[in-house]
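See below for the structure under consideration.
The values are calculated or read from the model by the stated rules, or taken from the named source; none is laboratory data. From a predicted model like this one, the values you see are computed outputs, not experimental measurements. In this analysis, Cβ positions are derived from the backbone assuming ideal geometry, glycine residues included, and neighbour counts consider all displayed protein chains. For accessibility, only protein heavy atoms count, side chains too; no ligands or nucleic acids. Shrake-Rupley method; radii C 1.70, N 1.55, O 1.52, S 1.80 Å.
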Amino acid sequence: MCAASESELVAVNRPTARRGEQTKETIVVGGSAAGLYTAATVAEGGHHVRVLESRKCFEPASRSLIVTDHFRSQLGSAAAESIVNEIRRFELFTDGRSAQIALTRPDLIIERSRLIPALARRAQHAGAELSFDTRFLSLAPNGRGLRVQVDSGGSREELHADSIVGADGAASRVAKAAGWPPIETVPLVQAIVRLPKDQPADTTRVWFVPDDTPYFYWLIPESANRGALGIIGEDGHETKRCLEHFLEKKRFEALDWQGARIPVYRRWVPVRRRVGNGEVYLVGDAAAQVKVSTVGGIVTGLRGALGVGQAILRTGGQRELSTLRRELGTHWLIRRILHPFQQKDYSLLVDLLNESTRESLGEINRDESTRLLWSVVCRQPRLILLGLRGLLMGRGLRS
Ligand SMILES: Cc1cc2nc3c(=O)[nH]c(=O)nc-3n(C[C@H](O)[C@H](O)[C@H](O)COP(=O)(O)OP(=O)(O)OC[C@H]3O[C@@H](n4cnc5c(N)ncnc54)[C@H](O)[C@@H]3O)c2cc1C
């Protein structure tokens, strides 16, 4: 049963259109991070916005996520409400070796079940309408813009809009309906575990075990006594099996499980398409706006949402989207370097992390990856050779 209904969230502050101007209608499909942030941006600009969310009510599943401090500058006070912990150190492990990286600006652990209501309140405060139990089915052009078919609480309804934003996740139905090709996804599985006594609550651990995954395992503390231990893999069953084996080896007990498929960014997904006289946009996971080096999608999805929101309002957006595109491209380059790494390459990588390289990694965050990459290779030029080796070994990796 739903504890909180949409009307209980906030008092609505709907902006009015200027005299003689017809209010533009925007429909956002998906009431999660990227969709709600787009809705707030567009509603603050004076459009009438309706968010369609297929879930029956407003109780987002609990999930601990790690983000860089860029998140704070993106969301201001809404960020503060969702932060549950700060990370000041990373410990990297591979084959008996380890390296520590102290972060100058701490990473943030945010709780999704607090973030989504905070974003929803902001969207509603700007005048956006939220409709739950409303599933997007299809779209088609009409005279002025777009006609949208939805299933609302079991009944078919038809809505009209000038623009539609697909913020409906990796398996986006909006993208499919408007003709975007499907995006590739990988499984992410994590177990909630008790934090080991020797792991401080401000430290995230990362293990590179290339026999299990071309990505990595992580243990992110969400509090002083609990953390999320996870893995990204390539095959769903095999990924879960590897995590179970890892838990057993490290003597962890899974208190809870979380998981989903995450998009893999391989190339920029153009965010806009014209359908008749209307415009369709994609944001967040629906547009694969995910850092493929670490498979983090919150900060990049919010960036995409801001860019698309500004594009709908005709107040810019190009700059934000170009920065995002560059950023995602650098993460794809890093992934191509790391993906074919074998154990000896990770061992060498950890050995090459000298003090000054670790300083760069601690000072510059993962959401400024081009600057970070440049700074790291300037301080340890031997990493260029290792990187080139990775790229050559990974020539088979599809691009
Ligand atoms: C276990 C796990 C851990 C993660 N950890 C991190 C992390 O530490 N850091 C990080 O940055 N990222 C992390 N991610 C990735 C991050 O959570 C996603 O990139 C981000 O949540 C995507 O947000 P979104 O709004 O684009 O899409 P989603 O959160 O997928 O939201 C899509 C919304 O659309 C709705 N919807 C779908 N279809 C329809 C339809 N037809 N009609 C109406 N509504 C519809 C869904 O109900 C949902 O609410 C993690 C993901 C998982 C699964």
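Please work out how much length the chain gains when fully extended from Asp133 to Asp211, using 0.36 nm per residue of separation minus the C-alpha to C-alpha distance, in nm with one decimal.
23.8 nm
Pairs of Cα atoms under 8 Å, at least six residues apart: use those to get the relative contact order of the range 250-357, whole percent.
Relative contact order of the range 250-357: 20 percent.
Would you mind giving the three semi-axes, in whole Å and largest first, of the ellipsoid equivalent to the range 183-259 according to its Cα gyration tensor?
Three semi-axes, in Å: 21, 12, 12.
With r as the distance between the Cβ atoms of Asn277 and Glu244 and R0 = 41 Å, compute the FRET efficiency 1/(1 + (r/R0)^6) and round to 0.05.
0.20
Suppose R0 equals 25 Å. What FRET efficiency, 1/(1 + (r/R0)^6) with r the Cβ-Cβ distance, do Cys57 and Ala171 give to the nearest 0.05?
With a Förster radius of 25 Å, E is 0.70.
Within 14 Å, Cβ to Cβ, of Leu115, how many net charges do the neighbouring residues add up to if Lys/Arg are +1 and Asp/Glu are -1?
+2
Points 7 angstrom from Cα along the Cβ direction at Asp198 and Ala260: gap in nanometres?
For Asp198 paired with Ala260, the spin-label model returns 3.5 nm.
For the range 25-104 and the range 214-233, what is the centre-to-centre distance using only Cα atoms, to the nearest Å?
17 Å
Find, among the chymotrypsin sites (Phe, Trp or Tyr not before Pro) in the range 264-330, those assigned to loop by DSSP (not H, G, I, E, B) with at most 11 other beta-carbon atoms within 10 angstrom.
Numbers: sites: Tyr265, Trp268, Tyr281; in loops: Tyr265, Trp268.
Counting only loop positions with at most 11 other Cβ atoms within 10 Å, none of the chymotrypsin sites (Phe, Trp or Tyr not before Pro) in the range 264-330 qualifies.
Note down the Stokes-Einstein diffusion coefficient of the range 212-313 in µm²/s, whole number, using a Kirkwood radius over alpha carbon pairs, 37 °C, and 0.692 mPa s.
Roughly 204 µm²/s, to the nearest whole number.
Above 20 angstrom, tally the Cα pairs of the range 271-363 and express them as a % of all pairs, no decimals.
Summing the P(r) tail past 20 Å for the range 271-363 gives 51 percent.
Please report the carbon-and-sulfur percent of the accessible area for the range 103-168; probe 1.4 Å, protein heavy atoms only, DNA, RNA and ligands left out.
Of the solvent-accessible surface of the range 103-168, carbon and sulfur hold 43 percent.
What GluC sites (Glu not before Pro) in the range 198-306 are in a loop by DSSP, with at most 14 other Cβ atoms within 10 Å of the Cβ?
Glu234, Glu253
Carbon and sulfur together cover what percent of the accessible area of the range 217-312 at a 1.4 Å probe radius?
Values: 1730 of 3810 Å².
Within the range 217-312, the accessible surface is 45 percent carbon and sulfur.
Measure up Lys24/Lys291; Lys176/Lys291; Lys240/Lys291; Lys250/Lys291; Lys197/Lys344 against 26 Å on the Cα-Cα distance and list the ones that go over.
Lys24/Lys291; Lys250/Lys291; Lys197/Lys344
Count neighbours as other Cβ atoms within 10 Å of each site's Cβ, and list the trypsin sites (Lys or Arg not before Pro) in the range 289-348 that are DSSP loop with at most 14 such neighbours.
Listed in order of number, the matching sites are Arg314.
Express the accessible area of the range 119-235 per residue in Å², computed with a 1.4 Å probe while the remaining protein chains stay in the model.
Numbers: 4620 Å² over 117 residues.
Per-residue value: 40 Å².
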